[in-house]
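A short worksheet on the structure shown next.
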Amino acid sequence: MEFLNVALMGGLAAVASPIIIHLLHRRKVKRLDWGGQRFLLELLARNRRRLLLEEVLLLLVRVLVLGLLALALTRPALKRRNVLRPDVVTRYGRTAAVLLVDDSLSTGSGRTQMAIEEIKRLATAYLNTLAPGDEVSIVLQSQLHGPAADPLFDLEAAKALVAQLRPTAMASDVAALLEAGRAQLSRHINPGGELVLVSDGRRDGWRPEERSRWDEVRQQLRGAPDATQGSRQRPNLLLLSPAAADPEGNLAVTGLRLDRTLVTAKRPVGLRAELTWHGRSAPPQGSVRFLVNGRAIGGKSFTLPAAGKQEVGLTHTFDEPGSYVVQAQLEGTHDSLPLDDQRCLAIQVETAVPVLLVEGRAAGGLQGSLGFLAAALDPEGLGRGPFRLTRISAPQLTEALLQAHRVIVLGDVPALASDMLAALERHVVGGGGVLVGLGAQTDPSLINRFWARAGTGFLPAPLRDLQSPAAAATIGQVNEAHPVFNAFGARAGEVWKDGKIRRYFRLDLGQVPAGELERILSLENGDPLVVERRRGVGLAALITSSLNSQWNELPLLPAYVPAMRGIVGHLGSFVLPPRNLAPGERLTFTAFATNQTVKAEGPTTTVPLSTGVWEGRPALISEPLLEPGPYSLRQGNQVFRYAVSVAPAESELTPLPEAALRSCLGELAAHHFTQAEQVTKALGSSKRSSVELWRWCLGGCLGMLFLETFLTRREGRT
Amino acid sequence: MSVRLPEEVLQKLERVSITARHAVESVLTGLHRSVRRGLSVEFAGHREYLPGDDLRHLDWFVWARSDRYDVRQYEEETKLRATLVVDASGSMGYRSGALSKLDYARALAAAMGFLMVRQADSIGLVTCDTRIRAELPPASTMGHYLNLLEVLEQAQPGGETSLADVLDSLAARLTRRGLVILLTDAFDDVTKLTKSLHLLRHRKQDVRLFQIIDPAEQDFPFHGMIEFVGLEREPRLRLDADRIRERYQAIFAEHQRRLAEGCHAVGVTRDLCRTSEDLAWVLVRAFNEEA
């Protein structure tokens, strides 16, 4: 027995109303001193059983009237198993279907016909197997971040929605889709449950390597152990995707970066685009055109090697500080996925970044705790470079100085006054950058107590013991992908091999939540040397040794200057709210003036903005951005530029291997269909294998009503 | 013809019930029928002469006509001896209007008592429930009547109804011919009551039963759930009045029918009085019927 409108099951509580009325009626008793009690006693002696029977019978009939009516509304159905066709998907009662549609970037692939068209066909074929009374939700990959939609009973409307599907820039995440579908099922009321994943069958988004995540997904899909397979508690899982075929070749711009973290006006900066070829055939030739704010600044032709990856770039000088979008666009290539043939990068070009150097041991020139760093950031000492330095001793630190600088560097500072410490934390949490270097004056107990506070302070991690190895430690691991090494290009890993570290503090990583601490440089023994951690919306970096040559020989390396410029530039360059966005993220703008109109434009359309809050500040926020490319936001004469870039993994159009599918789904039973005809054959024939009982319930209800009338009248007569 | 009642008596009557005073005044001023005639005993008749009988009592007219020696059986030469039996059981305490059944019975007894005393008839009083509570032997003086009113005034409802037992014990004591006037709701076992009435009749007592009921006891005008608390220590009952009305009325009507039949069978006149009825009208109706 199943109930097709389980949500109305609560109506069964109405059966209690006659009993409640009866009990209330009995409680509302008037007391009467009565002379003819003997007649009542005689009456009871003669009729007690009959009166009781009639009372119970009438109560029962009234309960049944309401109970049967409520039961009819829940639409009970007797399931009838389709034993003759074990190969088809078993359904009973009305179906609650959640259509999980992958409309990620890869569904736009295909030279003659995009994969999304086949997805639409499969989805429509599935919808055709549903009947009136079935309900369906359509959950799109591109709308996972939005609010869940209500299920539709109008199947034609669902088909119209499917017909309007088009590829978006979103990265595919099948596990997230399945989780969302499982959650969406709880919004349905029909008893039968089906999760239908309609995808292009590409490997991207499945991520079989994320085993623990798939364990959780399988656990959710498995549902209650005692639930029937095919019920909403344990839904059927259907995979609809086109048959796996050899992927067509796809050339993509999978990266776009600058050779420095801090871009300043009138200083040349290198733009580098990474091109990747996914395909078995020979890579095509072509050219990359670079554009700044939509205007071409140059191009580079390329011939990809067999490895399939190549960087091409050029140098450009921004004349004025401001907000820019750099684009790298493929030309002369006709591959199967045009949406990844371009890539954008939003850049804030500065005049100079104000940096405050706070020394624990103050001295001039290369002396002092931060002498080498000052020389690296401003070799001439004239303040004409990208960094405008202010160099003070620790006691000179004031809150006004903190507010006037974007990056604060603490070199061998033993302690800070409590009000300065509070001001520094506010500076970091509010979006500033801080770099901390240690030294002889470092007292780990003080630092841990006030700066680290067991992982909750502004310092990235608490300190452990001071290490002074007999043989100086060397740098072993370099996070080459980190933007601080942009200037090193592919040589980031090589330039540190001569670096000797004589003394350093080990870090107490156990007190830092996993994943929050990013290592930039590590020693050969695995101890971190340079780490960073986001604090609020700001960034804090820590070098576990000194920033001068007191404990290491880093300042003597040629890499010291670009690395320090990279780190400080990184700490002072990031713009808040972020302007380089992934598909699905929202354009956010906090520096708006209430007396000026703000207008946002996307690559093809205007982007509506609404007021909201970002990190506690009032902000203008857009809907999730689904189209890759440059976006701009105008406020009066000012223009702020944003960029939405697709995930590089989406460009790899490799079909999902059966083994990978099995690895993800494990023991879960899934019905896999590759053609619309298969869907119709398997699902169309197993429809309605149950008998609905609401008519019987309604008939019974009417019968009970007649009986109630009869009993009431009969009682009146007697 | 109007009769002026002594003020003391009227005041006493008023204490029993104002309706008693009005009833008496109505009867005396409007109808003025002989209570004796209305409530007179039966003719005594003749019996065969037995040795030792007083020869003065031989009925010579009978001897002359039929050559039989019959002795004339004389009625008591003095007055009518009437005994008012007022049921003061718990059920008589019920009232749905201004008067309880006991109030009504007291008023009726006082009115009838006064009318009889005024005719120089002897009137006695018994108040009872399961047993005799108070008893005044018959007498015909006004002073006695005042005592009777005192006793009536003191009668309070209580105890269970067992009129039959009371009548049985009363019958044993009533050796002389007389009139027994029962003022009761007769909420008793009809069979037992009928037997007791029959015994009274057997003891040469004229019996007149005034059955006093409250209108609500007949009409059962209640609605909803009611907890009925018996006035004679019966168990309490919680019943839906609407559901049982028809059945109750049927049982009550059956009781009335059986009582009426029982009374008729043993030669007892039964008057049904509803406490809502005018007392004077009840008296007038009763005496008219007798007349």
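For the residue pairs A:K300/A:K497; A:K120/A:K681; A:K309/A:K497; A:K309/A:K500; A:K159/A:K681, alpha carbon separations beyond 24 Å are given by A:K300/A:K497; A:K309/A:K497; A:K309/A:K500. Averaged over peptide B:224-237, the number of partner chain Cβ atoms lying within 10 Å of each residue's Cβ comes to 5.
For A:R361, the residues whose amide H sits under 5 Å from its own are A:S369, ignoring neighbours fewer than 5 places away on the same chain, with H placed 1.01 Å from N. Note: relative contact order over chain A, using C-alpha pairs below 8 Å and six or more positions apart, is 17 percent. Summarising the label geometry, the points placed 7 Å from Cα in the beta-carbon direction at A:R267 and B:T191 lie 12.5 nm from one another. Scanning chain A for DSSP H helices at least 27 Å long along the axis (C-alpha atoms) with a Kyte-Doolittle mean no lower than 0.0 picks out A:37-73, A:694-717.
If R0 equals 22 Å, the separation of the Cβ atoms of A:V575 and A:E601 corresponds to a calculated FRET efficiency of about 0.70.
Taking a straight line from the alpha carbon of A:K266, these aspartates and glutamates sit under 14 Å away, with near neighbours fewer than eight places off in the same chain left out: A:D319, A:E320, A:E350.
Taking amide H as placed 1.01 Å from N in the peptide plane, A:R464 has its amide H under 5 Å from the amide H of A:R506, A:L507, A:D508, each at least 5 places away in sequence or on another chain.
Packing-based ranking of A:168-181, A:663-676 yields A:168-181, A:663-676, ordered from highest to lowest mean Cβ neighbour count within 10 Å. Based on C-alpha pairs under 8 angstrom that are at least 6 apart in sequence, the range B:220-271 has a relative contact order of 26 percent. Modelled spin labels at A:R46 and A:L705, positioned 7 Å past Cα toward Cβ, are 3.6 nm from each other. Model label sites at A:V429 and A:V639, defined 7 Å from Cα along the beta-carbon direction, differ in position by 3.8 nm. Amide H contacts under 5 Å for B:R270: B:L209, restricted to partners 5 or more places along the chain or on a different chain, H placed in the peptide plane at 1.01 Å from N.
Look at the stretch A:37-49: the mean tally of other chain Cβ atoms within 10 Å of its residues' Cβ atoms is 6. Report in % the part of the accessible area of the protein assembly as shown that belongs to carbon and sulfur, leaving out ligands and nucleic acids; probe 1.4 Å. So the carbon and sulfur contribution to the accessible surface is 53 percent. Calculate the FRET efficiency for A:Q511 and A:E553 from the Cβ-Cβ distance with a Förster distance of 45 Å, rounded to the nearest 0.05. The pair A:Q511/A:E553 has a calculated efficiency of 0.90.
Using θ = phi - 60° in the Karplus curve 6.51 cos²θ - 1.76 cosθ + 1.60, the 3J(HN,Hα) couplings for the range A:618-627 round to x, 8, 9, 10, 8, 5, x, 8, 10, 9 Hz; x is entered for Gly and Pro.
The values are calculated or read from the model by the stated rules, or taken from the named source; none is laboratory data. Treat the numbers as computed from the prediction; the structure is a model and nothing was measured. A quick note on method: Cβ atoms are made from the backbone with ideal geometry, for glycine too, and the neighbour counts reach across all protein chains shown. Just the protein is used for accessible areas: all its heavy atoms, side chains included, with ligands, DNA and RNA removed. Shrake-Rupley method; radii C 1.70, N 1.55, O 1.52, S 1.80 Å.
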